[in-house]
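Working notes, beginning with the structure itself.
What follows draws every value from the coordinates through simple rules; no lab data is involved. Remember, it's a predicted structure, so these values are computed and weren't measured experimentally. Because the Cβ atoms are built from the backbone with ideal geometry, glycine has one as well, and the counts that use them run over all protein chains shown.
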Amino acid sequence: MSLLAVLFDLDGTLADTITDIGNAVNATLVDYGFEPHLIESYKMMVGNGFRMLMERALPEGFARDSELFPALVREAAERYRSMALETTVPFDGISELLAILSARGIKLGVLSNKPDPMTKQLVPALFPEIPFFAIEGDMPDKARKPDPGRALQILKSAGIPPERCAFVGDSGVDMETGVNGKMLPLGVAWGYRTIAELQEHGAKAILQRPSDLLPLMGLA
């Protein structure tokens, strides 16, 4: 069956956000007397929500043992919201891909483990011309990826069977989301995790460049 929709991850898939994320977290760490990390190292910390990002950035056990941890999470999140578009840009070819898909009637959505307010801030700013039918991030008390529940709820609201949707992302978490939801899991080679990780977690194909999605959608 032909695909009717695509759900995209955000960080490492649609946009290169890692420098702004790393700078915000590093500034918070320094404020509290911790050593900052190399920006490159944040590529292995993101993907499971902002709280988990902070757990990984801090010394082992700090999140469990220190009453300061919630304050650090709040401060880092607030700092990131204020600087989220300083260096963040779409990956090369993404804006063009989204425009083609939209023009051909493919429904486009974003599901991220980034906090929902940040996701809703970034996506319209980066892609103002794209009519996404859903833009959702992590919400309190709702399961995050790789649980497929949010993705399936988004598709149900649009009347789209999951088997007619591709889930495109750059991590094992994203591939598991696609597999768990009976969507088509597609990995991207330009993201923050390895191709081996994507394949190990169920990727049916690896996109070397954004335009590689078009033939898989029957639009080549």
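A simple charge model with +1 on the Cβ of Lys and Arg, -1 on the Cβ of Asp and Glu and nothing else charged puts the dipole of region 39-152 at about 320 debye relative to its Cα centre. What the Cβ-Cβ distance of residue 89 and residue 66 gives, at R0 = 35 Å and to the nearest 0.05, is a FRET efficiency of 0.50.
Filter the cross-link list 145/204; 43/156; 43/107 down to pairs whose alpha-carbon distance in this structure exceeds 25 Å. Beyond 25 Å between Cα atoms: 43/156; 43/107. Taking every alpha-carbon pair under 8 Å whose residues sit at least 6 apart, the chain reaches a relative contact order of 25 percent. For the chain, a Kirkwood hydrodynamic radius built from all Cα pairs, placed in the Stokes-Einstein relation at 37 °C and 0.692 mPa s, yields a translational diffusion coefficient of 187 µm²/s. Going by the alpha-carbon gyration tensor, a ≥ b ≥ c the square roots of its eigenvalues, is region 18-83 rounded (a/c under 1.5) or, if a/c is not under 1.5, prolate (a/b greater than b/c) versus oblate? Taking the square roots of the gyration eigenvalues as a ≥ b ≥ c, region 18-83 is rounded.
Can you tell me the length gained on complete extension of the stretch residue 199 to residue 163, counting 0.36 nm per residue apart and subtracting the Cα distance?
Working: separation 36, 0.36 × 36 = 12.96 nm, distance 1.93 nm.
Value of the extension gain: 11.0 nm.
Please report 37, 201 as a ranked list, fewest other C-beta atoms within 10 angstrom at the top and most at the bottom. Show your work: numbers first, answer last.
Values: 37 15, 201 21.
Going from least to most buried by this count: 37, 201.
What does the C-alpha gyration tensor say about the overall shape of region 140-220? Classify as rounded when a/c is under 1.5, otherwise prolate if a/b is larger than b/c, or oblate. It is oblate, given that a/c is not under 1.5 and a/b is not larger than b/c. If you take every residue apart from residue 25 with its C-beta less than 15 Å away from the C-beta of residue 25, what net charge results, scoring Lys and Arg +1 and Asp and Glu -1? My count for the surroundings of residue 25 gives -2.
On average, how much area does the Cα convex hull of region 75-174 cover when viewed from any direction, in nm²? Walk me through the numbers on the way to the answer.
Working: hull surface 28.8 nm².
Mean orientational projected area (region 75-174, Cα hull): 7.2 nm².
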